[in-house]
Protein chains: 4
Amino acid sequence: MTRFESDYTQGAHPRILQRLLETNLDQTSGYGTDEYCDCARALIRRECRSEQADVHFLVGGTQTNTTVIAALLRPHQGVLSADTGHIAGHETGAIESTGHKVLTLPHQDGKITAQQVRQACLDHWTDDARQHTVQPGMVYISQSTENGTVYSLAELEALSQVCREYGLPLFVDGARLGYALAAEGSDVTLADLARLTDVFYIGGTKLGALMGEAVVISNEALKRDFRYLIKQRGGLLAKGRLLGIQFETLFEDGLYFDISRSAVTLAVKLRDALGGMGFGFLHASPTNQQFPILPDALLNGLRKQHTFSTWAKVDAGHTAVRFCTSWGTTEAEIDGLIGDVRALAFPEGLEVRQLENA
Amino acid sequence: MTRFESDYTQGAHPRILQRLLETNLDQTSGYGTDEYCDCARALIRRECRSEQADVHFLVGGTQTNTTVIAALLRPHQGVLSADTGHIAGHETGAIESTGHKVLTLPHQDGKITAQQVRQACLDHWTDDARQHTVQPGMVYISQSTENGTVYSLAELEALSQVCREYGLPLFVDGARLGYALAAEGSDVTLADLARLTDVFYIGGTKLGALMGEAVVISNEALKRDFRYLIKQRGGLLAKGRLLGIQFETLFEDGLYFDISRSAVTLAVKLRDALGGMGFGFLHASPTNQQFPILPDALLNGLRKQHTFSTWAKVDAGHTAVRFCTSWGTTEAEIDGLIGDVRALAFPEGLEVRQLENA
Amino acid sequence: MTRFESDYTQGAHPRILQRLLETNLDQTSGYGTDEYCDCARALIRRECRSEQADVHFLVGGTQTNTTVIAALLRPHQGVLSADTGHIAGHETGAIESTGHKVLTLPHQDGKITAQQVRQACLDHWTDDARQHTVQPGMVYISQSTENGTVYSLAELEALSQVCREYGLPLFVDGARLGYALAAEGSDVTLADLARLTDVFYIGGTKLGALMGEAVVISNEALKRDFRYLIKQRGGLLAKGRLLGIQFETLFEDGLYFDISRSAVTLAVKLRDALGGMGFGFLHASPTNQQFPILPDALLNGLRKQHTFSTWAKVDAGHTAVRFCTSWGTTEAEIDGLIGDVRALAFPEGLEVRQLENA
Amino acid sequence: MTRFESDYTQGAHPRILQRLLETNLDQTSGYGTDEYCDCARALIRRECRSEQADVHFLVGGTQTNTTVIAALLRPHQGVLSADTGHIAGHETGAIESTGHKVLTLPHQDGKITAQQVRQACLDHWTDDARQHTVQPGMVYISQSTENGTVYSLAELEALSQVCREYGLPLFVDGARLGYALAAEGSDVTLADLARLTDVFYIGGTKLGALMGEAVVISNEALKRDFRYLIKQRGGLLAKGRLLGIQFETLFEDGLYFDISRSAVTLAVKLRDALGGMGFGFLHASPTNQQFPILPDALLNGLRKQHTFSTWAKVDAGHTAVRFCTSWGTTEAEIDGLIGDVRALAFPEGLEVRQLENA
């Protein structure tokens, strides 16, 4: 059985585990005040081309989203997000649990546009009864998105500009940031994110770490007292060094980018192979998540050797599913998957259309 | 430099790291639904002599306290706690951030008594204006406490009885539970905790794990939907297996208890040695935390080779400090510490009293 | 200038003020424990044909919605509501401020159906990853709705049945309940509401009181400790008698129903007159709110003598507006309004179509 | 039966009711945007000698405290308060329900000092682990206090200075502000409060209004968006004019001060009479609340004709009780109360000491 259901089916990249072993007996202070964390912070600031950014390490994505968003908003404000945003639908109301509404905008390919943000602000600020509604207080986007898509540099610059115009902090959920940076045709760098956003994070959990997210803060008001907020939301790991050691390993010589490129390359190989067989896709993703639409009969066969996530029922006989690649995915596994799909789709060399008509 | 400031200065017990290495490439489902977690749950239930208990794994103590307490209380209820309780003073208002007041009772040696709980309930329920005050909704204690002390079985039974009488769930914060179980004279077992409490947790972070706390729930109402609450509070680790693997290792052949006994033995050795030199203690602790009162001049000397936590200024020339032992503390380190204290206290064989009078 | 923009443009029904004057010097205990409140509670229970219902008085609608909803939900649960529901869009995120998500369903004429609720439950409970989403925990509807429409008895019975099937408390926001009870063709009584819901409220603010909402609770779990929750949310008026006196006056001899019928009769007269002139309506309302679609030129003329609320831009030259009637609206005022519309629409006896084409 | 248990046992001052009657049919816009509210705001600004202050009207004290405090604090901050503060003990955890801890300081006569605030800040900011504790974010005091005492101008100036030094907004709960302004020896004016605080409120409910509190904001950051926060917390009354009309009546020609003086004069008369009989007091109050310590036998007799609040059991045979005066208290009522106490205390001309010894 090979698992493609998510990008967190295995442990950590072996170099990370090796490093945890080597440092295991070192004695350090707690809560992220150790030298490993300091070193990882310096490496990340260097990659971000930002001396001024504050870098903090948290354990997971929901925790990070909650901590950042609750830190930025006043009680009557909400966060603008695509209706497909992770905070809107898949965090059990964590944002609401801190008192704030998620103000959803209809997504396009998992993304929202600068124009949508501008319109939402205009609608709010020209409403005579606006004090009876939630005030837009910040903007949340994901890079890459829930659909596997990525914002281009031009799209990010437009969003950043409208956010600054309306005084809305811009926050990028980078749980899968590496895959976005390594996406086909991506023109966005970490330095762009540091420059264009108020705060973003570099996901570790889905990119080869055991766990961990590195939050990069440019916004001065948010920097202030952020450690209190991490502690209050349960994110201040006693053995904080674990996060520092992992991010140091990921960023000291480009491992983070290597992992990302490898996973994206294999995902694109899968995509092109399935496309070549004539299958369509729910989303056009250039990253490590692929959402092919496959015949249910084929999926039943495929389940014997592979796991994947069911995403959406497309029609009576077809379902969109999700395959993810990660640091641990091998070319052999992808080739095996492609081969199995082909064998099921063309059992005797038949055209896929014929199979489906059967 | 040897660090005694806390019980989380090093990584994990080597057997845990070894196990993470061995299992690193296994592919599993996420969020604690894997077989390692299932196995760890079964082992813990066995130790607790409870087939019915639910076991969940969370990442850290503040997160666990917040998740459990917010799950148990209705909006107008608060949690009774010793005024020294971790939730009362050292979690940046995490409990209040979920909407609930911590109702503090004056501690005795870090503990509260059944009689105090009963009186608090009587005071509340006989107050004609009680609806203008926060209703006691549950009881929180720590085992071992912030002062290193432990509740006896008789004390726990009395607390449990009054809690059941007044319908208050009893929750035990076991961040340092192993050290309490291994304390000199302890007569409490995991099975007692499962029997006498509604929910408690078995701390991993301070007992040899990289991180992790195992929550054991006996209360039927709390069992319901607890996974939603873990997710909402950011505690549902994507690679949940990391917690399962660690707790499996700790409980498959008694490692958790071995670690606890070793640390307590070394702490008691330190305590007895310092006591033998004539030094007093802020708290009488039978566990892995020791709080001797030492002359400031001596402490200044000791800082050159050792770290420890400053706890309380006792008088013009003396300070109470905290030394912690843990899974990684060696007898050589404790002997070194004892030797250094003795050398500083009796530089030329003088009596300690004479030194202090100088 | 005559005001039709809302149903709270004037003070209280004169009989209420008179009663406040008569009782002003009586000395009573505070916080709703006085005899006026007791009497009002008894009258309301009688109208509801329910000896067992608990009745509480709160000051306003947002406060009541927040108090009830936060009292009913556990932290991971949300409230199902029409997307047009007052709690969804016009209370500045008050529900979210208590930690809960409003789970919106697409409205039909301002209403939701039993089938929609059933489907939302099915979708949730058959989702393997449901613990990552907000659990439906209760249902909120308004009677009459934001669109002025009303639920029929059959619709309420179907909603009540599906709610009981799935264990969801049903809550009816009755800020304008009187107008719904008096609506053309209404077949719902207060006794039906007490029988079919877990909790509902009888709005006073928009029905002749200075302020005040009477909450009627049938659900046993919600009854428990509800006074604590009113106090915590700021709804326990020190001079609680003010609410008791008002509701006693409204219910001792049918004043509440008289006010409602009068306002509905005048609103229907307005509706029929405007319809007779050929104007359409945004919503088909049988209650005290009417939403005609009028030419912008006509509205500009009308503004010289009347106030009303702008509701929606319908096309380049037409806008839907809202006119409300209330306890204080006189037939002369409605006739004046109708006359003025007619005069503007047919300045020289022209057909309305011709005017619009001009 | 004459009621002295609180200052809200009757309706409103007759001039207020009269004004509500006179204006009842006027049609106005809602939510405090009417001319009565504007006029009342202007009158209050004039009394405060502050052109810049924002004035808002809310319904009750708990609601006002919650709205103001939640508006001023970031999530990791708490509010410093006397341990006797209303928010600390008598609002069912309303402050905690918004996510914030009440940081209590030991009171002296119901008050806290500038030095206590300074020390709390020093303790916090010099704590190396301060991020694990709640940060002091503002200061809350009451004028008059729960004990009936008042802050002198010098005390307020010292508090204001230390608050500005540490960046802590200063908030004065003025539920009984009039009585403090009219207290024997008071040297504080409304203008002083506007000058020395960031925000305070002028209580109406306990000073002759049906209900209502006027919030006066000098702090620029708090001014911003405050109406959203009132709405979110349920304090934006639809018929907001009710509050405007009442405060206009109270402030157009000094009625507020007249009511206050009258009630204080009568309370002082009662105090001096009881003191003259040899009775002691729980608190030395120069305002409308008096807390004599009386023999239980005497109180049992007194209960036949008078109500009062039981405050504290002092010893086996004595209890401290509270008598309040208000706008409606007459000299005849106070004389009657004094006479009844005297008759019970000296049934046959005996000395009170003898009675107690009996």
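Of all residues in region C:240-258 being closer than 19 Å to C:GLY30 by Cα and out of contact with any Leu (no Cβ under 9 Å at 6 or more places or on another chain), which is surrounded by the most Cβ atoms within 10 Å (Cβ to Cβ)?
C:ARG241
Identify the residue in region B:175-194 that is in contact (Cβ under 8 Å) with a residue 40 or more places away in the chain and not hydrophobic (A, V, I, L, M, F, W, C) and, among all such residues, is farthest from B:THR265 (Cα to Cα).
Of the residues in region B:175-194, the ones in contact (Cβ under 8 Å) with a residue 40 or more places away in the chain are B:175-176, B:178-186, B:188, B:190-191, B:193-194.
Narrowing the set further to residues that are not hydrophobic (A, V, I, L, M, F, W, C) leaves B:176, B:178-179, B:184-186.
Working: B:ARG176: 15, B:GLY178: 13, B:TYR179: 10, B:GLU184: 9, B:GLY185: 12, B:SER186: 13 Å.
Only one residue fits best here, namely B:ARG176.
Residue under question is A:PHE171, and the condition is that it be open to solvent by less than 10 Å² (accessible area, probe 1.4 Å), under 12 Å from the mean Cα position of the chain (by Cα) and more than 18 Å from A:TYR8 (Cα to Cα); does it hold? Explain how you work it out, then say what you get.
Values: open to solvent by less than 10 Å² (accessible area, probe 1.4 Å): yes; under 12 Å from the mean Cα position of the chain (by Cα): no; more than 18 Å from A:TYR8 (Cα to Cα): yes.
The answer is no for A:PHE171.
What's the number of the condition B:ASP109 fails, among (1) within 16 Å of the chain's Cα centre (by Cα); (2) within 23 Å of C:ARG233 (Cα to Cα)?
The single condition B:ASP109 does not satisfy is (2).
Only one residue in A:SER285, A:SER262 is outside any helix (DSSP H, G or I), among the polar types (S, T, N, Q) and either touching a Gly at 6+ places or on another chain (Cβ under 9 Å) or surrounded by fewer than 24 Cβ atoms within 10 Å (Cβ to Cβ) (or both). Which one? Walk me through it before giving the result.
Details: A:SER262 fails: outside any helix (DSSP H, G or I).
From the options A:SER285, A:SER262, the qualifying one is A:SER285.
Test each condition in (1) of a type in the set (Ser, Thr, Tyr); (2) under 19 Å from D:LEU210 (Cα atoms); (3) within 7 Å of another protein chain (Cβ to nearest Cβ) for D:THR28 and report the one that comes out false.
(2)
Could you tell me whether region D:66-88 includes any residue that is among the acidic types (Asp, Glu), open to solvent by less than 10 Å² (accessible area, probe 1.4 Å), free of Cβ contacts under 8 Å to residues at least 60 places away in the same chain and not in a strand (DSSP E or B)? Let's see the steps before the verdict.
Just the residues of region D:66-88 that are among the acidic types (Asp, Glu), to begin with: D:83.
Add one more test, that the residue is open to solvent by less than 10 Å² (accessible area, probe 1.4 Å), and what stays is none.
Checked against the condition, which is being among the acidic types (Asp, Glu), open to solvent by less than 10 Å² (accessible area, probe 1.4 Å), free of Cβ contacts under 8 Å to residues at least 60 places away in the same chain and not in a strand (DSSP E or B), region D:66-88 yields no hits at all.
Among the residues of region B:223-238 satisfying the criterion of being surrounded by fewer than 23 Cβ atoms within 10 Å (Cβ to Cβ) and farther than 27 Å from B:GLN27 by Cβ, which is nearest to the other protein chains (Cβ to nearest Cβ)?
B:ASP225
Select, from B:ARG241, B:ARG233, the only residue that is in contact with an Asp or Glu (Cβ under 6 Å, 6 or more places away or on another chain), in the same structural domain as B:GLY208 (by TED's automatic domain parsing) and closer than 30 Å to A:ALA70 by Cα. First the steps, then the outcome.
On the way: B:ARG233 fails: in contact with an Asp or Glu (Cβ under 6 Å, 6 or more places away or on another chain).
Criteria check complete, one pass: B:ARG241.
Taking C:PRO75, is it at pLDDT 95 or above and either under 30 Å from B:LEU72 (Cβ atoms) or more than 20 Å from the chain's Cα centre (by Cα) (or both)?
Yes: the conditions hold for C:PRO75.
Being outside any helix (DSSP H, G or I) and either among the aromatic types (Phe, Trp, Tyr) or over 23 Å from the mean Cα position of the chain (by Cα) (or both) is true for just one of C:SER6, C:SER29. Which residue is that?
Working: C:SER6 fails: either among the aromatic types (Phe, Trp, Tyr) or over 23 Å from the mean Cα position of the chain (by Cα) (or both).
Among C:SER6, C:SER29, only C:SER29 is outside any helix (DSSP H, G or I) and either among the aromatic types (Phe, Trp, Tyr) or over 23 Å from the mean Cα position of the chain (by Cα) (or both).
What are the residues in region B:257-284 that are closer than 17 Å to B:LEU177 by Cβ and charged (D, E, K, R), if any?
Across region B:257-284, the qualifying residues are B:ASP258, B:ARG261.
Within the set of pairs 6 or more residues apart or between chains, which connect a residue that is small (Gly, Ala, Ser) inside region A:295-306 to a residue that is modelled with pLDDT of 95 or more with Cβ atoms less than 7 Å apart?
Final answer for the pair search is A:GLY301/A:LEU344.
Select from region C:33-45 the residues that are over 13 Å from C:PHE251 (Cα atoms) and open to solvent by 10 Å² or more (accessible area, probe 1.4 Å) and write down the one among them that is farthest from the other protein chains (Cβ to nearest Cβ). Full working, then the answer.
Narrowing region C:33-45 to residues over 13 Å from C:PHE251 (Cα atoms): C:33-35.
Next cut, open to solvent by 10 Å² or more (accessible area, probe 1.4 Å) only: C:33, C:35.
Values: C:THR33: 10, C:GLU35: 13 Å.
Applying the filter and picking the extreme gives C:GLU35.
Can you find a residue that is within 13 Å of another protein chain (Cβ to nearest Cβ) and either modelled with pLDDT under 95 or assigned to a helix (DSSP H, G or I) (or both) anywhere in region B:246-256?
Step one: of region B:246-256, the residues within 13 Å of another protein chain (Cβ to nearest Cβ) are B:246.
When the remaining residues are screened for being either modelled with pLDDT under 95 or assigned to a helix (DSSP H, G or I) (or both), the result is B:246.
The answer is yes, given that some residue of region B:246-256 is within 13 Å of another protein chain (Cβ to nearest Cβ) and either modelled with pLDDT under 95 or assigned to a helix (DSSP H, G or I) (or both).
Which ones in region B:195-220 are open to solvent by 10 Å² or more (accessible area, probe 1.4 Å), in contact (Cβ under 8 Å) with a residue 24 or more places away in the chain and more than 11 Å from chain A (Cβ to nearest Cβ)?
Let us first name the residues in region B:195-220 that are open to solvent by 10 Å² or more (accessible area, probe 1.4 Å), namely B:195-196, B:198, B:205-206, B:218-220.
Still in the list and also in contact (Cβ under 8 Å) with a residue 24 or more places away in the chain: B:195-196, B:198, B:205-206, B:218-219.
Result: B:ARG195, B:LEU196, B:ASP198, B:SER218, B:ASN219.
Within region A:135-162, which residues are open to solvent by 20 Å² or more (accessible area, probe 1.4 Å), assigned to a loop (DSSP other than H, G, I, E, B) and not hydroxyl-bearing (Ser, Thr, Tyr)? Spell out the reasoning first.
Step one: filter region A:135-162 for residues open to solvent by 20 Å² or more (accessible area, probe 1.4 Å), giving A:146, A:150, A:152-155, A:157-158, A:161.
So of that shortlist, the ones also assigned to a loop (DSSP other than H, G, I, E, B) come out as A:146, A:150, A:152.
Selection gives A:GLU146, A:VAL150.
Looking at the structure I just gave you, is B:GLY185 surrounded by fewer than 23 Cβ atoms within 10 Å (Cβ to Cβ), at pLDDT 95 or above and at positive phi?
No; evaluated as a whole, the condition is false for this residue.
Across region C:46-58, which residue is farthest from the other protein chains (Cβ to nearest Cβ) among those that are within 16 Å of C:GLU213 (Cβ to Cβ) and open to solvent by 10 Å² or more (accessible area, probe 1.4 Å)? Let's see the steps before the verdict.
Here is the first cut: in region C:46-58, the ones within 16 Å of C:GLU213 (Cβ to Cβ) are C:47-48, C:53-58.
If we keep only those that are open to solvent by 10 Å² or more (accessible area, probe 1.4 Å) as well, we get C:47, C:54, C:56-57.
Details: C:GLU47: 24, C:ASP54: 14, C:HIS56: 11, C:PHE57: 12 Å.
In this case the residue turns out to be C:GLU47.
Confirm whether B:ARG241 is modelled with pLDDT of 95 or more, within 26 Å of B:SER152 (Cα to Cα) and out of contact with any Gly (no Cβ under 7 Å at 6 or more places or on another chain).
When the stated conditions are applied, B:ARG241 does not pass them.
Which residues, counting only those in region C:15-25, are open to solvent by 10 Å² or more (accessible area, probe 1.4 Å) and either more than 7 Å from chain D (Cβ to nearest Cβ) or at pLDDT below 95 (or both)?
Passing the criteria: C:ARG15, C:GLN18, C:ARG19, C:GLU22.
Taking the stated definitions as given, is A:GLU5 surrounded by fewer than 22 Cβ atoms within 10 Å (Cβ to Cβ), among the acidic types (Asp, Glu) and away from chain B (no Cβ under 14 Å)? Write out each step before concluding.
On the way: surrounded by fewer than 22 Cβ atoms within 10 Å (Cβ to Cβ): yes; among the acidic types (Asp, Glu): yes; away from chain B (no Cβ under 14 Å): no.
When the stated conditions are applied, A:GLU5 does not pass them.
Does region C:328-335 contain any residue that is among the small types (Gly, Ala, Ser), open to solvent by less than 10 Å² (accessible area, probe 1.4 Å) and either part of a loop (DSSP other than H, G, I, E, B) or at pLDDT below 95 (or both)? Full working, then the answer.
In the first step, residues of region C:328-335 are kept if they are among the small types (Gly, Ala, Ser); the result is C:328, C:332.
Remaining after also requiring open to solvent by less than 10 Å² (accessible area, probe 1.4 Å): none.
Checked against the condition, which is being among the small types (Gly, Ala, Ser), open to solvent by less than 10 Å² (accessible area, probe 1.4 Å) and either part of a loop (DSSP other than H, G, I, E, B) or at pLDDT below 95 (or both), region C:328-335 yields no hits at all.
Report the residue count in region D:311-323 for those that are within 12 Å of another protein chain (Cβ to nearest Cβ) and touching a helix residue (DSSP H, G or I) at 6+ places or on another chain (Cβ under 8 Å).
0
How about region A:89-126: which of its residues are within 14 Å of chain B (Cβ to nearest Cβ) and open to solvent by less than 70 Å² (accessible area, probe 1.4 Å)? Show your work before the answer.
Looking only at region A:89-126, we keep the residues that are within 14 Å of chain B (Cβ to nearest Cβ), and these are A:89-100, A:102.
A:GLY89, A:GLU91, A:THR92, A:GLY93, A:ALA94, A:ILE95, A:GLU96, A:SER97, A:THR98, A:GLY99, A:HIS100, A:VAL102 - these are the residues of region A:89-126 that are within 14 Å of chain B (Cβ to nearest Cβ) and open to solvent by less than 70 Å² (accessible area, probe 1.4 Å).
Every residue, every condition in (1) open to solvent by 10 Å² or more (accessible area, probe 1.4 Å); (2) in contact with a strand residue (DSSP E or B) (Cβ under 7 Å, 6 or more places away or on another chain), yes or no:
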| position | (1), (2) |
| --- | --- |
| C:ALA267 | no, yes |
| C:GLY280 | yes, yes |
| C:ILE293 | yes, yes |
| C:LYS304 | yes, no |
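The values are calculated or read from the model by the stated rules, or taken from the named source; none is laboratory data. Note that the structure is predicted; figures quoted are calculated from it, not measured. Note that we place each Cβ from the backbone using ideal geometry, even for glycine, and neighbour counts take in every protein chain shown. Just so you know, the surface numbers come from the protein's heavy atoms only, side chains and all, with ligands and any DNA or RNA stripped out. Shrake-Rupley method; radii C 1.70, N 1.55, O 1.52, S 1.80 Å.
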